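A short worksheet on the structure shown next.
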Amino acid sequence: MKKTILIIILFFFMGCKQNAQTPNEKVNTEDKLKKDNDIDRKILSLKEFYYSVYGSDDNREYLKKRYVSERVLKRIDSLTSDGDNLILDYDPFIQGQDYNSASIKRTLKIISLNNKDKFRVSFLLFGNKDEKRTNIDVALQKNEKENYLINSILNDEYLNFKDDFSKTEQNKFYVLDSVNLKIQTDVYKICVLEKLKNKNKENIQHNSNPIILYKNGNKITENKNLIFLYNDNCPADGFQKVVSKHNYFTIEQSYCKDFLFVSSYTTFKVDTKTKNVYLYKYGEEYTDRSNPDREIPAKIKTVEDFGTIKFEDVTAYFLLQLKQ
């Protein structure tokens, strides 16, 4: 009898031991629940975005600021602001120009891509027979208000942000100015960088700025010697801006020569056949610092004067010698 009671007691303690969670098991369970809840919140945020903006025939653009990060909105604006050189001619959140709101609401599905921040949004644009589902892969990021915002569209060549420079470069520089060129099926991006420590400083001169060229999101070349060096005796602003038209882009900057302000324009051309980027034209305009009304002839040099020179081989020293 005593032996039987002892066996029952042993089984009781063994059962308690099996059911009791160790501290590590408890933490792991809590972490999993927290992760699942976090994913559910992100999926809910994406559902709200698509229901609010695309769930009716009235596309409410103003709502996008509530669900989309500033960097995505700014890039979309830069890709759609030039009507003569329109790069993004579709809505990247539906990969199309038109849609049926009822179909999107009825067929909307969102799944996690085995990553806490990446999701696939899937739907039928019109709900037609044999229509293939549209898949939009996005990455989310939490803002300072604890809201989840779409911070990139992973399967969109213009909004996946693969052209962002490396982590090392990000720690040192930011994009001061940039332009895009759409040439046939290719998209070129020209980024002028500035040291991160100079960001938001007022009345700063931009000198010795690196310039990086991308093609379809991949870095193809760079130039660290094109922008003029700093001159503490010159009040000119240095780099001004980069502008583009068709398959040309121009780096505008200013410097001082004796008692003159010099505005320089360095124009490059992307050859549509060879896809090479080379110097096309260089020009300078002059202003007398002591007599601004004085008329001084501008100087211009073209490819006929200096031959074929690749973008990465053009230096500030070369430009200064060129105008002599």
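The values are calculated or read from the model by the stated rules, or taken from the named source; none is laboratory data. All values reported here derive from a predicted model rather than from experimental measurement. Ideal geometry is used to build each Cβ from the backbone, glycine not excepted, and the neighbour counts take in all protein chains shown.
For Lys224, indicate whether it is of a type in the set (Lys, Arg) and either in contact (Cβ under 8 Å) with a residue 60 or more places away in the chain or over 15 Å from His206 (Cα atoms) (or both).
Numbers: of a type in the set (Lys, Arg): yes; either in contact (Cβ under 8 Å) with a residue 60 or more places away in the chain or over 15 Å from His206 (Cα atoms) (or both): no.
Against the criterion (of a type in the set (Lys, Arg) and either in contact (Cβ under 8 Å) with a residue 60 or more places away in the chain or over 15 Å from His206 (Cα atoms) (or both)), Lys224 does not qualify.
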Scan the range 115-128 for residues that are under 14 Å from Asn100 (Cα atoms) and either of a type in the set (A, V, I, L, M, F, W, C) or loosely packed, with under 12 Cβ neighbours inside 10 Å (or both) and jot them down.
Phe123, Leu124, Leu125, Phe126, Asn128
Which residue pairs have Cβ atoms closer than 9 Å, lie 6 or more positions apart in sequence or on different chains, and pair a first residue in the range 90-102 that is more than 15 Å from Val68 (Cβ to Cβ) with a second residue that is among the aromatic types (Phe, Trp, Tyr) and crowded, with 17+ Cβ neighbours inside 10 Å?
Tyr99/Tyr54; Tyr99/Phe123; Ser101/Tyr54
Could you tell me how many of the residues in the range 230-288 are surrounded by 15 or more Cβ atoms within 10 Å (Cβ to Cβ), touching a residue at least 40 places away in the same chain (Cβ under 8 Å) and farther than 17 Å from Ile204 by Cβ?
12
Yes or no: the range 210-223 includes at least one residue that is outside the structural domain of Asp137 (by TED's automatic domain parsing), out of contact with any Asp or Glu (no Cβ under 8 Å at 6 or more places or on another chain), crowded, with 19+ Cβ neighbours inside 10 Å and under 25 Å from Arg71 (Cβ atoms).
no
When residues of the range 60-77 are filtered for being of a type outside the set (A, V, I, L, M), crowded, with 16+ Cβ neighbours inside 10 Å and either part of a helix (DSSP H, G or I) or more than 21 Å from the chain's Cα centre (by Cα) (or both), how many remain?
3
Which one of these is at positive phi and small (Gly, Ala, Ser): Ser208, Ser244, Ser263?
Ser208
Checking the condition closer than 30 Å to Leu79 by Cα and touching a His at 6+ places or on another chain (Cβ under 8 Å), which residue from Phe239, Phe268 passes?
Phe239
Listed by range, strands (runs of 3 or more DSSP E) wholly within the range 85-177 having at least 1 residues that are at pLDDT 95 or above, out of contact with any Ser or Thr (no Cβ under 7 Å at 6 or more places or on another chain) and among the basic types (Lys, Arg) are 118-123
Selected residue [among the β-branched types (Val, Ile, Thr), in the same structural domain as Ser45 (by TED's automatic domain parsing), within 17 Å of the chain's Cα centre (by Cα) and within 20 Å of Ile76 (Cβ to Cβ)] from Val179, Val138, Val187, Val175
Val138
Of all residues making up the range 290-324, the number that are assigned to a loop (DSSP other than H, G, I, E, B), exposed (fewer than 15 other Cβ atoms within 10 Å of the Cβ) and touching a strand residue (DSSP E or B) at 6+ places or on another chain (Cβ under 6 Å):
5
